[in-house]
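The values are calculated or read from the model by the stated rules, or taken from the named source; none is laboratory data. Everything numeric here is computed off the predicted structure, so don't read it as measured data. FYI the Cβ positions are ideal-geometry reconstructions off the backbone, even for glycines, and counts take in every protein chain you see. What goes into the accessible areas is simple: the full protein's heavy atoms, side chains included, and nothing from ligands, DNA or RNA. Shrake-Rupley method; radii C 1.70, N 1.55, O 1.52, S 1.80 Å.
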Amino acid sequence: HNTRIDAYSGTVERIFGGTHGVKTENKVDIVPYNVESTLINYYESMIYSSADIFGAGANSGAEQTVVNLYGGNVNNVHGGAYTEGYTWNSVINVPVESTIHANAIFGGGLGEEEGRPCDVGVATVNYFSEDATVELGLFGGNNTARATKESHINVSVPVRNSNGILQSVYGAGYGNATVAGFTHVDLIPGAHVAKVYGGGKEGKVYNHYRYY
């Protein structure tokens, strides 16, 4: 029930830590397609800037996902699933000396459709490298739709894009169909960002669980 992907070189459009799964016809996730834990290591020779990373599956979740971004180019990075699946815990690490160049980092999943469960329980983003860049900023929540119940973003360095311009940090998600329950942004000494939002970029924050 455990998976590991080491991406050293090559061209790939999407990387999934979990399984493909299937889209269900109801709002209940198919548990047998889930995996216990996933690990994705992404290295500097991965230079395809349109690649997307999902810690969980295409239509399936996981109990624990970890994505380590050591270098390379990537589009969007998600701790959760693509279309459907519940992920209990997700962690995305940008460690010291990472040279990753990302469009955006999301602790949650993508969530193509608001009516399908593509949620994350607790999402954590650790951004600790001055040599990393991100074009749109850091998000604790989902990308397009659905919910992240709790998010944590820890930043200890300047968050800049490839032109050296400071970017913002959002505790919640991106898009008005995203929802977060509780958000926590921790700016550790050394952090420098454009703006910090406890909420999202058009994303909602409901600090109760009735939505989920």
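For this structure, a couple of remarks:
- By accessible area, using a 1.4 Å probe on protein heavy atoms only, the range 75-212 has 49% of its surface on carbon and sulfur.
- Residue 195 versus residue 166: modelled label distance in nm, points set 7 Å from Cα along the beta carbon direction: 1.3 nm
- The residues of the range 47-101 expose, per residue, 29 Å² of accessible area to a 1.4 Å probe.
- Projected label points at residue 99 and residue 184, each 7 Å from Cα along the beta carbon direction, are separated by 3.4 nanometres.
- Per residue, the convex hull volume that the Cα atoms of the range 1-111 enclose (Å³): 83 Å³
- For trypsin sites (Lys or Arg not before Pro), the sites in the range 127-203 that DSSP calls loop and that have at most 10 other Cβ atoms within 10 Å are 195.
- Mean Cβ count within 10 Å, highest first, over the residues of peptides 36-44, 66-74: 66-74, 36-44
- Loop sites in the range 4-90: trypsin sites (Lys or Arg not before Pro), DSSP, at most 13 other Cβ within 10 Å: 23, 27
- Per residue, the convex hull spanned by the Cα atoms of the range 134-180 amounts to 57 cubic angstrom.
- Overall dimensions of the range 96-212, expressed as equivalent-ellipsoid semi-axes from the Cα gyration tensor (√(5λ), whole Å, largest first), are 24, 14, 11.
- Mean separation of Cα contacts under 8 Å (6+ apart) over length of the range 1-123, as relative contact order %: 24 percent
- Value of relative contact order over the chain, rounded to a whole percent, pairs C-alpha under 8 Å and six or more apart: 14 percent
- The distance from the alpha carbon centre of the range 103-141 to that of the range 142-190 is 7 Å, rounded to a whole number.
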